[in-house]
Amino acid sequence: MSNSASKPIAVVTGASAGIGAVYADRLAARGYDLVLVARRAERLKTLSAKLLRAYGAKVEVIGADLTKEEGLARVEKVLATNPAITLLVNNAGNGTLGSTINTSDENAASTIALNITALTRLTRAALPAFLSRNAGAIINIASVMALHSLPITSLYSGTKGYVVNFSRGLQEELAGTGVRLQLVLPAATATEFYEFAGMPLSAFDPAVVMTAEDMVDAALAGFDQGEAITLPSVHDRALWETYDAARATLFAATQTGEPAPRYQAA
Ligand SMILES: NC(=O)C1=CN([C@@H]2O[C@H](COP(=O)(O)OP(=O)(O)OC[C@H]3O[C@@H](n4cnc5c(N)ncnc54)[C@H](OP(=O)(O)O)[C@@H]3O)[C@@H](O)[C@H]2O)C=CC1
Ligand SMILES: N[C@@H](C=O)C(=O)O
């Protein structure tokens, strides 16, 4: 894609629906040209025409299955070689909500491939170019289910726990560089996610469900504020600080080199 000299490009995965489509809209409104990725290329083309009309944004559409080597490699190549790309939104993700035993091998593999492998590979593909320019940003979409595992979310929560730990370690690696990573933990958001998850959105109390527009606008407000971790639905930020401080205290307490007295023979 050749873009006008002055416009940065953002890559958004999973832009054919839900949260990713709203990111595409908001980033185009902010003056980005876009590379949009998803399997349903027709939807991306429709969105692309809308964004051109509304904001003059140039959009490259990549119809790719990010659980497949060929699709993933195509997007990796774009990230590694287009110097106008300054932002990667790793949004594509899925999950079947159900018991581990009743989840098919195919579904489990696809969720792991998309939520973990694709996110990791695309992040790693973007980083060398971002670091060589000492500029750029990555937004990784995790979930509050990374902090809370239920009988129907073991696999999904496990993959989102990976996103959190991978992203937090990477944030430490990037400290002192001009490259930043924002980790976003949405709670229930009204999207097509639930059509594929095997649990209808109608099963939720509407009071706990956010619109995708509100979720993305809040996440981008957190991005603008320089937040490393954004929990769009959490009103009391101090709750996160307390949680994270407890985690750090527990980790420090693991560094004893000795079995705890309760495990020692009397
Ligand atoms: N909705 C919610 O309640 C919450 C969602 N999240 C996370 O937000 C992110 C976006 O989800 P959301 O917008 O809700 O879900 P949607 O189902 O609405 O959108 C998912 C997007 O990912 C794309 N996608 C799915 N599979 C693949 C694949 N194999 N290759 C490429 N693209 C793929 C879909 O496009 P296509 O089918 O065309 O390929 C679609 O654009 C996910 O990471 C999800 O885990 C986090 C917390 C809450
Ligand atoms: N998409 C939801 C699954 O439970 C979530 O991440 O909150």
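Quick notes on this one:
- From the list Leu155, Leu150, the one residue that fits, being loosely packed, with under 15 Cβ neighbours inside 10 Å and of a type in the set (A, V, I, L, M), is Leu150.
- Among the residues of region 140-159, those identified as under 22 Å from Gly226 (Cα atoms) and either among the β-branched types (Val, Ile, Thr) or not in a loop (DSSP other than H, G, I, E, B) (or both) are Asn140, Ile141, Val144, Ala146.
- In region 122-147, the residues that are near ligand 2 (Cβ under 9 Å from one of its atoms) and not aliphatic (A, V, I, L, M): Ser143
- Condition met for Ala28 (at pLDDT 95 or above, more than 9 Å from ligand 1 (Cβ to nearest atom) and closer than 20 Å to Pro186 by Cβ): no
- A search for C-beta distances below 9 Å between a residue of region 187-207 that is under 14 Å from Gly20 (Cβ atoms) and near ligand 1 (Cβ under 6 Å from one of its atoms) and any residue that is of a type in the set (Asp, Glu) and at pLDDT 95 or above, counting only pairs 6+ apart in sequence or on different chains, returns Thr189/Asp214.
- Taken together, the criteria exclude Val35 from residues that are at pLDDT 95 or above, β-branched (Val, Ile, Thr) and within 11 Å of ligand 1 (Cβ to nearest atom).
- Annotation note: Cβ proximity below 7 Å between a residue of region 134-145 that is over 11 Å from Leu183 (Cα atoms) and more than 9 Å from ligand 1 (Cβ to nearest atom) and a residue that is open to solvent by 30 Å² or more (accessible area, probe 1.4 Å) and not in a strand (DSSP E or B) (sequence gap 6+ or interchain) occurs for Asn134/Thr177; Asn134/Gly178; Ala135/Gly178.
- Looking only at region 205-245, and only at residues there that are assigned to a loop (DSSP other than H, G, I, E, B) and out of contact with any helix residue (DSSP H, G or I) (no Cβ under 7 Å at 6 or more places or on another chain), the one that is most open to solvent (accessible area, probe 1.4 Å): His235
- Helices (runs of 4 or more DSSP H) fully within region 52-139 that include at least 2 residues being open to solvent by less than 60 Å² (accessible area, probe 1.4 Å) and among the β-branched types (Val, Ile, Thr): 69-81, 119-133.
- Scoring Thr13 on the criteria (1) out of contact with any Asp or Glu (no Cβ under 6 Å at 6 or more places or on another chain); (2) near ligand 1 (Cβ under 9 Å from one of its atoms); (3) over 18 Å from Ala84 (Cβ atoms) leaves a single failure, condition (3).
- Matching option when the condition is open to solvent by 40 Å² or more (accessible area, probe 1.4 Å) and of a type in the set (Gly, Ala, Ser), among Ala197, Ala175: Ala175
The values are calculated or read from the model by the stated rules, or taken from the named source; none is laboratory data. Remember, it's a predicted structure, so these values are computed and weren't measured experimentally. So basically every Cβ, Gly included, is an ideal-geometry build from the backbone, and we count neighbours across all protein chains shown. The protein model used for the area step is the full one, side chains on, heavy atoms only, and it has no ligands, DNA or RNA in it. Shrake-Rupley method; radii C 1.70, N 1.55, O 1.52, S 1.80 Å.
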